[in-house]
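Since the structure comes first, as structure tokens, the remarks are kept for the end.
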Amino acid sequence: MQVLTESLQLNRDGALHHLLSTEGLPRPLIERILTTADGFIAVGTREVKSVPLLRGRSVFNLFFENSTRTRTTFEIASKRLSADVYNLNIAASSTAKGESLLDTIDNLTAMQADIFVVRHSQGGAPYLIARHLAPHVHVVNAGDGRHAHPTQALLDLYTIRHYKGAFPSLSVAVVGDILNSRVARSDIHALLAMGVTDLRAVGPLTLLPTGLEQMGVRVCTRLEEGIRNADVIIMLRLQSERMRGALLPSAQEYFRNYGLTPQALRHAKPDCIVMHPGPMNRGVEIDSTVADGPHSVILPQVSFGIAVRMAVLSMVASSQRSGSHRAEAAAPGSTVPHARANAGESTARLG
Ligand code: CP
């Protein structure tokens, strides 16, 4: 399946029309998403947790793969924006009878869908949909195969900015099954776009893709070295469902060498934060003492995900493919001007 250039995401004015990947997203646009999310954080603390920005719009959640956090927080985000939300039950849908993805999309578009939130096991599926859609309909990638999980990366950036501030001075370690992780791909592109210069990919050689060094990422095969003096540690789940063949001797041996324990954590900065996109394999990539300990910001990541997804939904809904915008869906309290950056054309690819 061909993956189109990043510019498919942006309209002529550089506004977000679809969100497919963090690769090629210009830094000013990422900053605008984060600042727009700032304005939505307060909505979750109000007695009435909604704003009318997407009233009358229909958001269809199409999750062809399992999800707890992403599907639920997209639903909450859509409802807080006052959209009408429809969760397609894939197992009970006509997909089970062999209906094609694009036929499903056409039929839901005929039901006046405005935004599709799509998770699919096939990398590139959201791109296929984006190329197929009418100009007034939008798609947000909620995770496609091993390729990308852009809203996870954006909420990760939001979490890092919340706890650590400016990105360029930070040391960030991404640890674990980078080869099979769409979160790692999206995080790496997003962190590099935000100016992180000390970015490390840590794991056994069998789980590290080629091409990382060319992107400016330091590759470490020893955990202690990889997390030494780190400000931020992003742990990844072993994606056993995406592994082809035996890449590891055993989960026990993996934990011995790469599991984040209190002892290993002593190599990082004393005030480092520990992140994980979930779902966690306790005792495989992370010790429960660390997952539930004072350095962990794993549950705040989930909470921030609602505001970040509200920002993304409101921004795509306010863009037009032609470049002539509807009234801008500014978040309450947002004062950041409209980003006008052009679509960056990144050539760096993970192997
Ligand atoms: N982080 C993440 O994508 O979790 P879910 O699979 O539960 O959505």
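The values are calculated or read from the model by the stated rules, or taken from the named source; none is laboratory data. Remember, it's a predicted structure, so these values are computed and weren't measured experimentally. So basically every Cβ, Gly included, is an ideal-geometry build from the backbone, and we count neighbours across all protein chains shown.
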Number of the exception - Leu81 against (1) closer than 28 Å to His189 by Cβ; (2) surrounded by fewer than 22 Cβ atoms within 10 Å (Cβ to Cβ): (2)
Region 229-257, subset of a type in the set (D, E, K, R) and under 22 Å from Asp156 (Cβ atoms), residue modelled with the lowest pLDDT: Arg242
Index of the failed condition, Arg282 passing every other in (1) more than 16 Å from the ligand (Cβ to nearest atom); (2) free of Cβ contacts under 8 Å to residues at least 24 places away in the same chain: (1)
Subset of region 31-53 [surrounded by fewer than 18 Cβ atoms within 10 Å (Cβ to Cβ) and more than 24 Å from Ala153 (Cα to Cα)]: Arg46, Glu47, Val48, Lys49, Ser50, Pro52
Test result for Gly123, in contact with a Ser or Thr (Cβ under 7 Å, 6 or more places away or on another chain), under 20 Å from Thr22 (Cα atoms) and surrounded by fewer than 23 Cβ atoms within 10 Å (Cβ to Cβ): no
Helices (runs of 4 or more DSSP H) contained in region 258-351 and holding at least 1 residues modelled with pLDDT of 95 or more, out of contact with any Asp or Glu (no Cβ under 7 Å at 6 or more places or on another chain) and among the basic types (Lys, Arg): 298-317
Restricting region 135-153 to residues that are hydrophobic (A, V, I, L, M, F, W, C) and away from the ligand (no atom under 11 Å from the Cβ), the residue that is farthest from the chain's Cα centre (by Cα): Val137
